[in-house]
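I have placed the structure first, in the form of structure tokens, so that the comments after it can refer back to it.
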Amino acid sequence: MMQQRPIAITTAALMGSVGGGFGYIMHLFFVSPSDIHHEKIAQDHIFNLCLFAAIAFTVILAVCLAIIREKPPIPPTKSANNKTHESFLVSIGKLMKNKNFVLIANGFGFVYSVLMTFSQEVAFIIAPFGYNNADNALFGAVFVVSGLVGAGVVATILSKTKKYQHTLIFVCFGSTIAACLETLTLLKQSRLLTSIGVGLLGGLLLSIMAVGLDYACELSYPVPAHNATGIILAFSHVICPIHIIVTSYVLTAKDHYGVQDQKNSLIVSTMLFGTLLLGLGASIFIEEDLRKTRLDKSKAQEITQQTIML
């Protein structure tokens, strides 16, 4: 069960991205660009879209409430099996003294903020280069699907190798390079090349969900895993809004003719690149202190020695 933790954490964390992927393409079945010239038709189409979304979400929620148990038969972590529960504030105090956790929180937070910024503002980034809403849906779907595949591969590798530090640096460094390539493909104004660039970026950025959260659990042990992941996500959601607000301001600025300028998109791409560099810098200085894995191996050796003695 413990070896499957990276896959379980990744699956749960990426469900939001799956929903985002549906959001990129769902509106194409209800709303068309021509609706902008017909207000009444546009209102009807938007109503149908909202009604479909409400029905779909209600059905999914009902299924989840019906099948999810309060507690699993086997606790997912050792801390979850403890009778006493450590408070969130106590965990924060402990983790702020843990240099490795502070570094992973920063590294994860910077990469995650780029992930959320790009997924939220991809339409504004690509618009000055001649792409339309259909292209936005295509790039968004490619971004999410590639991300799910990439994160799944990374989670599988981690569950077998436990090479957290190498994997984290690879994801951060690869994301930084992919951000540069994605900008270059935009300048080429090729739908195929841009799709490849966006796919590569998505595959690497979403992989941070696979390695970052599970690595945080390792570095923070014996702090309960749910507290460690909650704190690192909370920190990330402090960085994200600031990042999105700043980049939105730059992207929505218009030139003297009242249109969006390619220069604004390039400035935002440079900002994303810089943020990824910060994430890479924080990740490099982490010491791979796998507390949980080391304890599990120690206990396994003790059990083996006791069995041999018997």
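Tabulate in residue order the Karplus-calculated ³J(HN,Hα) for the range 109-124, using 6.51 cos²θ - 1.76 cosθ + 1.60 with θ = phi - 60°, rounded to whole Hz; enter x for Gly and Pro.
With the stated coefficients, the range 109-124 comes to x, 5, 5, 5, 5, 5, 4, 6, 5, 5, 5, 7, 10, 4, 5, 6 Hz.
Tell me the relative contact order for the range 102-240 as a rounded percent, counting alpha carbon contacts under 8 Å between residues six or more apart.
43
Taking the simple approach of a point 7 Å from Cα along Cα-to-Cβ for both Tyr249 and Ile196, what is their distance in nm?
Result for the modelled spin labels: 3.7 nm.
Return the subset of Lys99/Lys160; Lys163/Lys188; Lys160/Lys188; Lys162/Lys263 for which the Cα-Cα distance in this structure is over 32 Å, preserving the input order.
Check vs 32 Å cut-off fails for Lys163/Lys188; Lys160/Lys188; Lys162/Lys263.
For Thr58 and Ile284 in one chain, what is 0.36 nm times their gap in residues minus the Cα-Cα distance, to one decimal in nm?
77.0 nm
With r defined as the distance between the Cβ atoms of Asp44 and Gln120 and R0 fixed at 30 Å, what FRET efficiency is calculated, to the nearest 0.05?
0.65
If you roll a 1.4 angstrom probe over the protein chains with everything in place, what fraction of the accessible area of the range 150-292 belongs to carbon and sulfur, to the nearest %?
72
The values are calculated or read from the model by the stated rules, or taken from the named source; none is laboratory data. All figures in this text were calculated on a predicted structure; none of them were measured in a lab. Cβ atoms come from the backbone with ideal geometry, glycine included; neighbour counts cover every protein chain shown. Please note that ligands, DNA and RNA were not included when accessible areas were found on the heavy atoms of the full protein model with its side chains. Shrake-Rupley method; radii C 1.70, N 1.55, O 1.52, S 1.80 Å.
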